[in-house]
1. Just a yes or no: is a residue in the stretch 177-192 closer than 21 Å to VAL111 by Cβ, touching a helix residue (DSSP H, G or I) at 6+ places or on another chain (Cβ under 8 Å) and surrounded by fewer than 18 Cβ atoms within 10 Å (Cβ to Cβ)?
2. Tally the residues that are open to solvent by less than 30 Å² (accessible area, probe 1.4 Å) and either closer than 18 Å to TRP80 by Cα or among the β-branched types (Val, Ile, Thr) (or both), restricting the search to the stretch 23-34.
3. Tell me, which residue of the stretch 35-50 that is hydroxyl-bearing (Ser, Thr, Tyr) and open to solvent by 20 Å² or more (accessible area, probe 1.4 Å) is modelled with the lowest pLDDT?
4. Could you tell me which of the residues ALA2, ALA9 is within 26 Å of ARG97 (Cα to Cα), hydrophobic (A, V, I, L, M, F, W, C), part of a helix (DSSP H, G or I) and free of Cβ contacts under 8 Å to residues at least 12 places away in the same chain?
5. Just need a number here: residues in the stretch 116-147 that are hydroxyl-bearing (Ser, Thr, Tyr) and closer than 21 Å to THR189 by Cα.
6. Sort through LEU173, LEU138, LEU166 and tell me the only one that's under 19 Å from PHE205 (Cβ atoms) and open to solvent by 60 Å² or more (accessible area, probe 1.4 Å).
7. Go through the stretch 73-103 residue by residue and tally those that are closer than 23 Å to THR47 by Cα and either touching a residue at least 60 places away in the same chain (Cβ under 8 Å) or open to solvent by 40 Å² or more (accessible area, probe 1.4 Å) (or both).
Amino acid sequence: LASPMVGGAVMVLVTVTAGILADRLVSLPIAMVTMLGGFATPLLLSTGEKNFTGLGAYLLLLSAGVLWLANRRNWQQLTWLAMLFTYGIFGLHYASRFTPADFAVQQTFLVLFFILYSTSVFIHNIRLKLPATPLEILGLLGNSALFFCLSSVATLKTYHNDRLTLAPLTIGLAFYYLCHAVWLKKRNTKEDRNLLLMFCALSGFYLSLTFPVILTEQWL
């Protein structure tokens, strides 16, 4: 009935309007339906062509909106679902259309997704002064695992399975989580202890992964 551009504009307008309605009525069911409709939009409008930039930008904006609503109304269920849908849809696009020429764009959006979802978890706890629960720890682990898996597969495919090219990824993640651990340690509040331990564990894990990446079997 309409061109993809017109249909997409209408779908985005419906999503934004429904999101505002969910916030005004403080209705989690409306927010859930809104989020599902928002993530269904790129699938419904897909023409089969490759468009990492357009898809990544749309998912990034939608994720930011969902996370803003989730933290504003303390609806953390939205955060976990949005994370799974974001990585899932972007991963499907990667699996069917990725080429080495797309690596820079694809990796840029993966990094932005990773930072957005990892930040949303601990900012929620710090803002409300709540200790991290097992669900939030699983969210941190899930975000980290999804990002690392997609990034490492893309990196190896781009650089002809040279495992040394994974070193910037593992070192970068180790440093990222170490900075968070140092920051929480300086805060030195009781509520931050679970997050502090989790960041230390993740930093140590990715640092340990660096050694089999950069060293030969004899050196190990």
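1. Taking the stretch 177-192 first, the residues closer than 21 Å to VAL111 by Cβ are 177-183.
When the remaining residues are screened for being touching a helix residue (DSSP H, G or I) at 6+ places or on another chain (Cβ under 8 Å), the result is 177-178, 180-181.
Narrowing further to those that are surrounded by fewer than 18 Cβ atoms within 10 Å (Cβ to Cβ): 178.
Yes; the residues of the stretch 177-192 include at least one that is closer than 21 Å to VAL111 by Cβ, touching a helix residue (DSSP H, G or I) at 6+ places or on another chain (Cβ under 8 Å) and surrounded by fewer than 18 Cβ atoms within 10 Å (Cβ to Cβ).
2. Within the stretch 23-34, the first condition is being open to solvent by less than 30 Å² (accessible area, probe 1.4 Å), and the residues that meet it are 23, 27, 31, 34.
Filter once more, so that each one left must be either closer than 18 Å to TRP80 by Cα or among the β-branched types (Val, Ile, Thr) (or both): 27, 31, 34.
Selection size over the stretch 23-34: 3.
3. Step one: of the stretch 35-50, the residues hydroxyl-bearing (Ser, Thr, Tyr) are 41, 46-47.
Narrowing further to those that are open to solvent by 20 Å² or more (accessible area, probe 1.4 Å): 46-47.
On the way: SER46: 82, THR47: 78.
Here the answer is THR47.
4. On the way: ALA2 fails: part of a helix (DSSP H, G or I).
Answer to the check: ALA9.
5. Result for the stretch 116-147: 4.
6. Working: LEU173 fails: open to solvent by 60 Å² or more (accessible area, probe 1.4 Å); LEU166 fails: open to solvent by 60 Å² or more (accessible area, probe 1.4 Å).
After ruling out the rest, the residue left standing is LEU138.
7. 12
Conditions (1) among the hydrophobic types (A, V, I, L, M, F, W, C); (2) part of a helix (DSSP H, G or I), marked per residue:
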{"site": "LEU164", "(1), (2)": "yes, yes"}
{"site": "TYR177", "(1), (2)": "no, yes"}
{"site": "HIS180", "(1), (2)": "no, yes"}
{"site": "LYS186", "(1), (2)": "no, yes"}
{"site": "GLU191", "(1), (2)": "no, yes"}
{"site": "MET198", "(1), (2)": "yes, yes"}
{"site": "GLN218", "(1), (2)": "no, no"}
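The values are calculated or read from the model by the stated rules, or taken from the named source; none is laboratory data. The structure displayed is predicted, hence computed values, not measured ones. All Cβ positions, even for glycine, are placed from backbone atoms using ideal geometry, and neighbour counts span all protein chains on display. With ligands, DNA and RNA removed, areas are computed over all heavy atoms of the protein, side chains included. Shrake-Rupley method; radii C 1.70, N 1.55, O 1.52, S 1.80 Å.
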